[in-house]
Amino acid sequence: MGRPKQFDPDVAVEQAMQVFWRQGYAATTPQDLVDALGIGKGSLYNTFGSKHALFERALCRYRDTQALALVELIDAGGPVKERVRGMLLMLAEMDLADPDRRGCLAINTAAELAGTDAVAADLVRRMLDRTEEAFRALIEEGQRAGEIAPGRDAAALASMLLGTLVGLRLLARVAEGPERLSRVIDATVDSL
């Protein structure tokens, strides 16, 4: 009979997510993970199998927390354009307030691994698809409410919002202040 685990795997996945988010996949070593999780290498590999398997679980944890929180903001009540503005402003402010300027783990992963890691690329693609679908539903809600012209292509507007979100998250990593991000947000909302 094996010894009982001395750590909570769910907590370990959360801690690993933070390491990957701060450092990226390639720059994170197994030793970095062992140090952050406070476990031995044997426990790391026995529990998660590999660094990549742990990364996949961390990316799924990110999806289940961060990405779903975004969808909840989109689904909140109130005028659609104000929800879009509020959600984009909240993300910009959150990114600017982060001293590590980590940005979005999903977008960082796409930039780092999309051409070399099909599993990670697929996970990110599905997260972005989910976000874009939530944007499309929001646009259609705005069209039904008369806030957005009914003749506008809801799918195209949703894709524009997704592109804006991705761009904002990247810009925030190097922005010296909120001015440029605010201009992008204002222009995006005005274009709806």
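Remark: pairs (first residue in the stretch 171-192, under 13 Å from Leu89 (Cβ atoms); second residue in a helix (DSSP H, G or I) and of a type in the set (Lys, Arg); Cβ separation under 6 Å; 6+ apart in sequence or on different chains) = Val189/Lys81; Val189/Arg85.
When restricted to residues that are hydrophobic (A, V, I, L, M, F, W, C), in a helix (DSSP H, G or I) and free of Cβ contacts under 8 Å to residues at least 40 places away in the same chain, the stretch 13-32 contains 1.
Residues in the stretch 138-165 that are under 18 Å from Ala67 (Cα atoms) and touching a residue at least 60 places away in the same chain (Cβ under 8 Å): 4 in all. Do the conditions hold for Glu141, that is, is it out of contact with any Leu (no Cβ under 8 Å at 6 or more places or on another chain) and closer than 15 Å to Arg83 by Cα? Yes. Taking the conditions exactly as written (over 25 Å from Cys60 (Cα atoms), part of a helix (DSSP H, G or I) and small (Gly, Ala, Ser)), does Ser182 satisfy them or not? It is true that Ser182 is over 25 Å from Cys60 (Cα atoms), part of a helix (DSSP H, G or I) and small (Gly, Ala, Ser). For the stretch 63-144, the helices (runs of 4 or more DSSP H) that sit wholly inside it and include 2 or more residues that are at pLDDT 90 or above, of a type in the set (Lys, Arg) and surrounded by fewer than 20 Cβ atoms within 10 Å (Cβ to Cβ) are 80-97, 118-144.
Just one of the numbered conditions (1) more than 22 Å from Ser191 (Cβ to Cβ); (2) in a helix (DSSP H, G or I); (3) at pLDDT below 95 is not true of Ile39: (2).
The values are calculated or read from the model by the stated rules, or taken from the named source; none is laboratory data. Not measured: the values here are computed from a predicted model. Because the Cβ atoms are built from the backbone with ideal geometry, glycine has one as well, and the counts that use them run over all protein chains shown.
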